[in-house]
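Below is one structure, written out as structure tokens; the observations come after it.
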Amino acid sequence: MKILSIETSCDETAVSIVEAEGVAESPSFEVLGNALFSQAKLHEKYGGVFPTLAKREHAKNLTPLLLKALEEANELKELGKENFKNEKEIENILAKEHGLFQDFKKYLEKIDKPKVDVIFVTNGPGLEPALWVGISFALALGKLWDIPVVPVNHMEGHIASVLVNSNESSVQFPALALLISGGHTEIVYIEKVHKYKILGKTVDDAVGEAYDKTARMLGLPYPGGIEISKLAQYADEKDLPRVAKLPRPLIHSKNYNFSFSGLKTAVLYYLRDNFGDKELSLEEKSDIAREVDEAILEVLTVKTKRALDENPVKTLIVAGGVIGNPKLREAFMNLEKEYNELKVRIPEKTLSTDNSIMIACAGYIKLCLEPDLLTYPQQIRANGNLELN
Ligand code: KG4
Ligand code: ZN
């Protein structure tokens, strides 16, 4: 089955063409075309994602990215004549998405319908204005080319990201997933494909948010996770003295919940009490960054180990942007040595942050379980707080 997938839940705009086959329990994927634009640099001055800007940028970039992904997949065929079916309906669908209809008409009216069987689009969780752009775009394409459109949960996408470019296409169940991103921190028990139980989640900030906010306090650019991990590495390489001490919030609590806002506040007080208005040296920043990195690593690993001890599983999946962090990757891979017969699955680095390949994968698995979605497509609405269920 050939898939066109679209992701716009936050500040990455992404479109992919993926060939998928196999059953839900052991699917296989081949990426034929992939185009992604990260808006991170544009949001830098706001210290986080600015929803109106994200929405406008998605609208601006979706059509060029689609053309790029189609071209890469060898599916971009000029017709040499106009082929713009359902123009009025498409205009209505795209009415609220700034400039998208004009682009759509200009670039797509002379393009032949690609050989695509289904369009998958993220409908949540995420920023609703951003999600709506992707959804409207997907629905307009579905209308133009008469292809069914099916919504996909972004977090299911992160879970499925471990299946791409992996030697093993299947995950052994039951499994546990630790999802760590800019918007989420949760431990999910997965009894079998698509059967989720959330064991615990953050009661305040997500772990990626903790990285981004503490990075900002240290004067580092957004997104801060990668900056903190680079400085932490520098502190390790230089073997800098360990001066900063930060708390490990909720590390001893008997549940699987997380809390990261205390860590952020602790950094704020640490900076105020020890530095005031003074500019920090690279060494001082790196010492704090290493402590932030280690506090997060300890909390995440201790909680995950508790969950593994109390809920024995065959596979641990760790996914989401934060697992780009090299120390975390190593710490979680090492759990294979500690837990007999546990397989740890982590997406390759480029697939840990938001992308549309993972949306194709999660959508395909969903479709294997509910093939009727092709014949009777659902109404699609953006849901910023969409839960795994
Ligand atoms: O999954 P993702 O791309 O977007 C959301 O769905 O939120 O995750 C983005 C988050 C950001 O908070 C970013 O700072 C964090 O992932 N991140 C990292 C690293 N690379 C990205 N955090 C820690 N270490 C990294 N190397
Ligand atoms: Zn994400």
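Miscellaneous remarks
- Distance between modelled label sites at Q172 and E279, nm, 7 Å Cα→Cβ extension: 5.5 nm
- Cross-link partners of K349 among lysines, defined as those whose alpha carbon lies under 20 angstrom from its own and excluding same-chain residues fewer than eight positions apart: K41, K230, K327.
- √(5λ) per eigenvalue of the Cα gyration tensor, the chain, largest first, Å: 38, 25, 17
- Residues E348 and Y376, FRET efficiency given R0 of 56 Å [Cβ-Cβ distance, rounded to 0.05]: 0.95
- Considering only the chain, percent of DSSP beta bridges that pair antiparallel, nearest 5: 60 percent
- The chain: angle of helix 224-237 to the longest principal axis, Cα-based, in degrees nearest 10: 40 degrees
- For the pair L369 and E338, a Förster radius of 30 Å applied to the C-beta separation gives a FRET efficiency near 0.35, rounded to the nearest 0.05.
- Listing D239, D204 from fewest to most neighbouring C-beta atoms within 10 Å gives D239, D204.
- Alpha carbon Rg of the stretch 258-358, scaled by the compact-globule rule 2.2 N^0.38 Å: 1.32
- Helical runs (DSSP H, four residues minimum) scored at -39500 (n - 2.57) apiece and divided by the length of the chain put the mean residue ellipticity at 222 nm at -13000 deg cm²/dmol.
FYI, it's all coordinate maths here, none of it is from the lab. What you are looking at is a predicted structure, and each value in this text was computed from that prediction instead of being measured. Note that we place each Cβ from the backbone using ideal geometry, even for glycine, and neighbour counts take in every protein chain shown.
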